[in-house]
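Asker: Structure below; questions to follow.
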2 protein chains.
Amino acid sequence: MRMPLAPLFSPPYFAVIFTSLRTEGDADYGAMAERMEELAREQSGYLGIDSARSEAGITVSYWRDLESVRSWKQQWEHRDAQRQGREKWYEAYTVRVCRVEHEYDFAK
Amino acid sequence: MRMPLAPLFSPPYFAVIFTSLRTEGDADYGAMAERMEELAREQSGYLGIDSARSEAGITVSYWRDLESVRSWKQQWEHRDAQRQGREKWYEAYTVRVCRVEHEYDFAK
């Protein structure tokens, strides 16, 4: 079964676009990524997530408001993952916090 | 050589988050996707693009202002690709137009 796309959530809400280039090797990256998705889902204000990886990785998480974006960034287990990410998992990453203003979708 | 991540562009600017689930088979999808990236780069207000595909595909394109986002959506060759996308390439997709408010990055 493949993951469905995150549905639309009615703007305004917030999207955090995380793009990354991985280092070589796994170094428990897979387990951490899975745990972070699970943990994100438990946070106040969490709406959904979309994720894909080929040459680059892109994860977009969706949040009700900026306060929930900030709380997630500061969550202690997530902070530890961020620190380990800079040490061993990522060559480079970017984070963009965005206000979703307009959205539409299509399904067959 | 792998594509680098799109760099930061100094907010405010706009991100268009396109997530998709593909149909089975290629049906010239690869050629179209490559052509659309090339065409996007030629548009006024274009800043950059990040793209990844595994189960889902995520393409984020970055634009100077909402006018350039709208012009790109209306560009004739892009409109034709959108129509063909609904007919044959995509099971489902979502489009979110967002204002980037805050950004940071990391590189080793």
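Asker: What is the range B:8-94's relative contact order, in percent, from Cα pairs under 8 angstrom and six or more apart in sequence?
Answerer: Details: 109 pairs, mean separation 38.6, N = 87.
Worked out over the range B:8-94, it gives 44 percent.
Asker: What is the sum of charges, Lys and Arg at +1 and Asp and Glu at -1, for the other residues whose Cβ falls under 14 Å from the Cβ of B:GLN82? Provide the component values of the computation, followed by the final result.
Answerer: On the way: positive: B:ARG35, B:ARG70, B:LYS73, B:ARG79, B:ARG83, B:ARG86, B:LYS88; negative: A:ASP105, B:GLU77, B:ASP80, B:GLU87.
Charge balance in the 14 Å sphere: +3.
Asker: If we hang a label 7 Å off Cα along the beta carbon direction at A:ASP80, how far is it from the matching labels on the other copies, in nm, shortest first?
Answerer: 5.6
Asker: By average Cβ neighbour count within 10 Å, what is the ranking of A:74-81, A:31-38 from highest down? The partial results should precede the final answer.
Answerer: Numbers: A:74-81: 12.4, A:31-38: 13.9.
Put in order of decreasing packing, that is A:31-38, A:74-81.
Asker: Another question about this same structure. At a temperature of 10 °C and a viscosity of 1.306 mPa s, determine how fast the range B:13-100 diffuses translationally according to Stokes-Einstein, using the Kirkwood radius over alpha-carbon pairs as Rh; express D in µm²/s, rounded to the nearest whole number. Provide the component values of the computation, followed by the final result.
Answerer: On the way: Rh = 13.3 Å.
Using the Kirkwood radius from Cα pairs, D works out to 120 µm²/s.
Every number in this text was worked out from the coordinates using simple rules, so none of it is lab data. None of the values given here were measured: they were computed from a predicted structure. When we count neighbours, we look across all protein chains shown, and the Cβ atoms used for this are built from the backbone with ideal geometry, even at glycine.
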